[in-house]
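Read through the structure below, which is laid out as structure tokens, and then see the notes.
The values are calculated or read from the model by the stated rules, or taken from the named source; none is laboratory data. Since the model is a prediction, treat every value here as computed from it, not as a measurement. Reconstructed Cβ throughout: ideal geometry from the backbone, glycine too, with neighbour counts over all protein chains shown. Ligands, DNA and RNA are stripped out before the accessible areas are found, and what is left, the full protein with its side chains, is counted by its heavy atoms. Shrake-Rupley method; radii C 1.70, N 1.55, O 1.52, S 1.80 Å.
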Amino acid sequence: MMDPISSLTFSHYFFTGAVLFVLGMIGFVTRRNLIVMFLCTEMMFQGVVVTLAAAARLHLHVTGQTFIIFVLTIAAAEAALALGLVVLLYRRKRTLDAEAWSEMSG
Amino acid sequence: MDHTLALYLAAVLGAVALALIMPGSRYRLSYLGLLLGVGALGVAWIGTGRAWWGEIGGGVGLAMPAYYYVFSTVALVSAVRVITHKVPVYSALWFVMVVVASAGLLVSLSAEFMAFAMLIIYGGAILVTYMFVIMLASQSSGEQPGELAADAKREIPDASHSSASALQSQYDRVAREPLWAIVAGFALLAVLLGVGFEDVPSSTTPEMAAQSREDLATLLPDRVLMNEPEVIAAQAESSDSQGAAAARPSSLGVTNGEAVGVDLFKGHPLAIELAGVILLVSLIGAVVIAKTRVTEEEQGGVREAGEGGATVDSPREAGPTDSETLGSLSTGRVGM
């Protein structure tokens, strides 16, 4: 059980990717600042990127890295739109608090 | 100890650690939380022992495990700081650290092109945009809208209070429902890792690798694939540097960028077109959002913030229907 690990495996990188993803998810649900919420979605993308690269290395096929390019594209598009929306929402209520828009619920 | 038990124990320790570090938590024992978090990582990495599966790559040219552990620790600690720091600018800076650490992880996975693309695009473009938006949206972040009148009544503002509130707003100091979020998140993590440690051998690996070799052989016929078993074996046999250089024809090797490019344009042409369309849509959407006028009655009576629409081009004034449309966009409730 306590053998030192002499070589890297896919599970190592999958562990890191999974923890990054889950930390991003927790941060997205927990924080109230709109910008930090979108930053946590970017962190979820980072977890997925690490997992994709590790899977590409596991199968010795480069498609995993090709899909990282697409993840990057979607992340950039989503960041642009999200930040535009955040600026617009800030202009209306002069606050970055997500709870300020909670009157739409229920 | 069974490796799944070690993983669940690590998840529980990590959950407790994160609950202690969360901002505004009742317990204020963030250093104990840090210690527990490091302990959780240690239990996860050491306690699982030989259960790691999926050996990646051959012996020669494989990254030393130390690189993985260092980059991974930096990435995970920075990720925790992203979600727990009270000042948004520092969250963004810690996220840059996460990107740099994951770029290091990508380099250790022989994905150099993606590592540098990640650094340039995330750290150079997306995070800079985040910084600009934080700068634009932080003018009155220390005050709630109802407190403006109360500030006017205070004659001599307390210096420490105003400087502290200028950096941290009320909604940044306290996390909302952290315990439920942490429980749900770490339950998901425990299940993910438990599944990830079941060794399911993939049956499609030889065919996929053979197909990719064929593609590269037809498109780049003079090159040599660097992860071919013959090349790795020839590198391993030659002990001196000249022999290694002759056995590894690096000038003829397929670089990572070329391999990604071949696969991108040969295997996914439709996806490239769709990505282009998505980027165009996002560009148009961002321009429309930025041009939306926010008139005085929605603002609560402070001032008209129509900067976004006034700058760009003269055909804007020429069309009353355009401003009416945008006016209905800003007054309409369904747009957001």
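For residues in region B:37-47 being at the interface with another protein chain (Cβ under 8 Å from one of its Cβ atoms) and over 24 Å from the mean Cα position of the chain (by Cα), which is modelled with the highest pLDDT?
Result: B:Ile46.
Does A:Val49 satisfy the condition of being more than 26 Å from B:Ala290 (Cβ to Cβ), surrounded by fewer than 20 Cβ atoms within 10 Å (Cβ to Cβ) and facing chain B (nearest Cβ under 7 Å)?
no
Do the conditions hold for A:Arg57, that is, is it facing chain B (nearest Cβ under 7 Å) and either without any contact (Cβ under 8 Å) to a residue 24 or more places away in the chain or part of a loop (DSSP other than H, G, I, E, B) (or both)?
no
Would a scan of region A:13-20 turn up a residue that is open to solvent by 30 Å² or more (accessible area, probe 1.4 Å), at pLDDT 90 or above, more than 7 Å from chain B (Cβ to nearest Cβ) and part of a helix (DSSP H, G or I)?
No.
For B:Ser25, are the conditions met, namely being at pLDDT below 75, more than 9 Å from every other protein chain (Cβ to nearest Cβ) and surrounded by 17 or more Cβ atoms within 10 Å (Cβ to Cβ)?
Taking the combined requirement at face value, the residue satisfies it.
Please verify whether A:Glu99 is more than 7 Å from every other protein chain (Cβ to nearest Cβ) and more than 14 Å from the chain's Cα centre (by Cα), treating the condition exactly as stated.
no
Filter region A:21-37 down to the residues that are more than 7 Å from chain B (Cβ to nearest Cβ) and touching an Asp or Glu at 6+ places or on another chain (Cβ under 8 Å) and list them by number.
Selection gives A:Gly24, A:Leu34.
Could you list, in sequence order, all residues of region B:176-196 that are of a type in the set (Gly, Ala, Ser) and facing another protein chain (nearest Cβ under 7 Å)?
Across region B:176-196, the qualifying residues are B:Ala181, B:Gly185, B:Gly196.
Has region B:215-225 got at least one residue that is modelled with pLDDT of 70 or more and among the charged types (D, E, K, R)?
Yes, some residue in region B:215-225 is modelled with pLDDT of 70 or more and among the charged types (D, E, K, R).
Does A:Leu85 satisfy the condition of being closer than 15 Å to B:Phe113 by Cβ, surrounded by fewer than 22 Cβ atoms within 10 Å (Cβ to Cβ) and at the interface with chain B (Cβ under 7 Å from one of its Cβ atoms)?
Against the criterion (closer than 15 Å to B:Phe113 by Cβ, surrounded by fewer than 22 Cβ atoms within 10 Å (Cβ to Cβ) and at the interface with chain B (Cβ under 7 Å from one of its Cβ atoms)), A:Leu85 does not qualify.
Inside region A:94-106, can you point out the residues that are free of Cβ contacts under 8 Å to residues at least 40 places away in the same chain and surrounded by fewer than 16 Cβ atoms within 10 Å (Cβ to Cβ)?
A:Trp101, A:Ser102, A:Glu103, A:Met104, A:Ser105, A:Gly106, listed by residue number.
Specify the residue that is modelled with the lowest pLDDT; the eligible residues are those in region B:247-265 that are open to solvent by 30 Å² or more (accessible area, probe 1.4 Å) and part of a loop (DSSP other than H, G, I, E, B).
B:Arg248
Which one of these is of a type in the set (Ser, Thr, Tyr), more than 7 Å from chain B (Cβ to nearest Cβ) and without any contact (Cβ under 8 Å) to a residue 60 or more places away in the chain: A:Thr41, A:Thr66?
Sole residue among the options that is of a type in the set (Ser, Thr, Tyr), more than 7 Å from chain B (Cβ to nearest Cβ) and without any contact (Cβ under 8 Å) to a residue 60 or more places away in the chain: A:Thr41.
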